[in-house]
Each structure stands twice: as C-alpha cells, then as structure tokens.
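Have a look at the structure below before the remarks.
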C-alpha cells in the first residue's frame, strides 16, 4: 500500500511539473534614475519578488573530471528576482543562498580557484514566441545578449606569482631608482597588465562556444555582486544588472519579454557551462497592457498529454542516442545532448521544434573525449550544419505532445 501511495504521489508530482504555468516577473516603475542602482537601493522596495528555479546544465558535459565529480548529483537552486524600470533603464536584482563565498583572486590564472557569479540573458528578438533563442546562449540566427558578473577580489598584485615589487604603493618613490618618472611609467604598465578589476562583461552569442564580448560600449550597463553573511539565516549573494531600456542589441517595448538567469558556484569549480540556469521567464511591465502573444503561446501547459505514453515513446525513439534522468545508460554520454534536466530549462515550443525539425536549432557538442562517429551534426559544405538527429515529423501531434510533456518532467528536485 505504501509503495502504491508513493507511486501515485510521484506520478502526481510529474503531472504537475508537466502541466504547471511558468512564473511571471513584474517590472516595477520607479521615478528615480536607476542607471547606477545597487543591491541596497530603496528603489527595490516596491517591486514584487518572484521565485525562479535554476537547474544544473547537463546538456553538455564539461571536460574536467574533478569538476564533474564535484557537481555530480547537483540539485536545482531557487533564486528570487525583482525588476524595476525608470523608463530609460531596466534593472534586475537576484538573490540566492550560497554557504561558500568564492572570490576570484590571482590563483584563477592558474585554474586553481573559481569565482561565484551570475548572468542575465535577453533574447535579441522575441516577436515569435515559438522560435525563441536556445536557452544555452542562443542559436544560429537567434542571438542573445548576456550580462555576466563574477565575484572578484580587488588585489594590487593579483597574478599569484608573489611579485612583491608590484605590491609597493605608487607613492613610495624611494622604492624606485633615480630615474623615478621612467620607473613609475613602467610600474604603471606592469600593474595594469596584472590587475584584476571588477569582472562585469556583456556578450552577444548564437550558441555554445560563440560568445563574443561587446567591447565598444554599444550596450550601456552596470553590474554588482554583494555577499551577505547571516548569523541566523542562510548566507546569500545579491546581484544586480542594469542596462539601457533600448540599444542596438535588444529593444523593450510595452509587450511582455523573455529573460533568463544563470548562477555559478565557484566552490564547485563552476565556470562556462558548469552552472545552474533557468528556462526563459516572462517579464511584463507593471500597469501596461501589451500584446499577450508571448504569454499566450510561449510555454502553455500540456493538459491533454498522456505521460505514460510519452515515456514509452521516448524510450522507443530517443533512448538509443540520449541519456536522461540517470535511468538510461545505454547511450554513449557523448552521442547526443543529455536530457536529464531538459524539462527544467527548455520551453515547450523549443522541445516540439527539436523533435519535428532538428535542424532548426543545433546544439554544438564537441568534447575531445567523444568518438568521431558521435558527431551531433555534419557540415553541409555551404557553411551550415545538418543535425545528426533524424526528423520525427512522422509522429502524430498527440504523440509529440505526449513526448514533450514527459520531457518536461525530466528535472532534478530543488535542494
């Protein structure tokens, strides 16, 4: 009886995860200029806080045995998000628990330590909610803009080599030779080359491995991280990203828009794809009635789906290539994207498109440990790529719905 009850409860939880609506972030309007807003600003008080769940990125496996071992069995993470606008800028504030404060110092150059960090991602175009960019840093012809902030230690001599001469204060003229001016110039150049400054960067990307830093200041933004030690509750990070409401990369109108979030845990050697990330989340401006197209078609629950049939169809059609849910170990880990947390960070339209038109979004999956026969795509000879996955357009609409509904249940629980 107890086993039957547990089975019923598990099935109910799976159904809820497949049929649940996505959260919506309300962007609160403020009167102050928020171009330099920080985590402690009073402008955040009037904004509602929205719970967003991030899931371990398991689609692609990092080529780092130690880091992979540290992150084996990772659970989902909950963060709390607020958003505000002054009509010229838009800002997001993230808050998440982290008992291990990881700050980047000089040893990061030697790859022996890694910082905590977070990112906010926007779709460059979102007029068609069924063809949003791939959540993993975009996809070909569907770019994203990513704002990344890492926790760095502001060190005078940050390269980890123990260069004591670089620790001398510039005003200590007695430390230099007689040609003081010349030595000071050389000293300034050396320090500039070694200096670790606040790590806040903006990127445009069209998929894994395509991130290109925006260095020409064509996107105006600020970012900040602050660690809060607590005597009574959980230690946590707070982070803020604020950017212009409109620039050449992303333009926000009155309509709801998609946004996504990611967090890195430096204590577990988190960097690159070794992170937790959200699915696309809808944000809408407070008190403004925009088009509801995104909300209507973006990620509607699949209430008419048959999860048992979806599971059977997945096993019959997908299990020979894809690993998922730690239950299918038959396929090579490098043969195709791992689907273990696909339900946590993928939208319903993306999953439908991936099944019926695999060439629409191709996830780069090179790993030097993979066999050359396990390529995820092939060059078409014209600069494009063709997915190694065949189209399953022959499946009925109901069968695709059932598979997608089951895929939406593939995600770990919250820690």
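Observations on the structure shown:
- Note on the stretch 220-259 and the stretch 113-127: Cα centroid distance 10 Å, given to the nearest whole angstrom.
- Full extension of the chain between residue 308 and residue 292 gives 2.5 nm of extra length, using 0.36 nm per residue less the Cα-Cα distance.
- The stretch 53-93: C-alpha gyration tensor shape, a/c 1.5 cut-off, then a/b vs b/c: prolate
- As a rough guide to protection, the peptides 202-208, 277-283, 299-305 ranked by mean Cβ packing within 10 Å, highest first, stand as 277-283, 202-208, 299-305.
- Each label was represented as a point 7 Å from its Cα along the Cα-to-Cβ direction; for residue 227 and residue 386 these points are 5.2 nm apart.
- Full-extension gain in nm, residue 32 to residue 359, via 0.36 nm per residue minus C-alpha separation: 113.1 nm
No value in this document is a laboratory result; all are computed from the given coordinates. Quick caveat, the model's predicted, so the values are computed rather than measured. Every residue, glycine among them, receives a Cβ derived from its backbone with ideal geometry; neighbour counts consider all protein chains shown.
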